[in-house]
Amino acid sequence: MESLKQYSLAEVAKHNTTADLWMVIDDKVYDVTKFQNEHPGGEEILFEVAGKDATTEFTDVGHSTDAKEQMKQFVVGEIVEAERKKKATTQDSDSSSSPSGSWFGALKAKFFG
């Protein structure tokens, strides 16, 4: 498998115009400049996340398998390892077993079940 070009978040942030629109989803860098007019949700949605990490927004919408497959053609690289969010995700999952997480679970159980 060919390795992808590495970009920093600062480099991606420079691509934030309708003439040059990049975004990050799951640590992959996408150039969606040519896709703006075809995006079913409208080009405005893409412009709102231009030059940014759009993982949360992309996930929240619940894109189809076809949409995820179509995205592959727009990959231009990936975020440098030091800036990838996957490391933070591992830490986040560890924090879900923290006392505050169990406190919420106990409170929820008391009132709902």
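Could you give me the ³J(HN,Hα) list for the stretch 41-52, computed from phi with Karplus coefficients 6.51, -1.76, 1.60 and θ = phi - 60°, whole Hz, x at Gly and Pro?
Coupling constants for the stretch 41-52: x, x, 6, 4, 4, 5, 5, 4, 10, 4, x, 10 Hz.
Spelling out what I want: for every residue of the stretch 70-79, take phi, set θ = phi - 60°, compute 6.51 cos²θ - 1.76 cosθ + 1.60 (Karplus), and round to whole Hz; glycine and proline get x.
The phi angles translate into 5, 4, 3, 6, 9, 5, 10, x, 9, 6 Hz.
Using alpha carbon coordinates only, what is the Rg to Rh ratio of the stretch 27-85, with Rh defined as the Kirkwood radius?
Reported Rg/Rh, Kirkwood definition of Rh: 0.94.
None of the figures in this text is laboratory data; all of them are computed from the coordinates on show. All values reported here derive from a predicted model rather than from experimental measurement.
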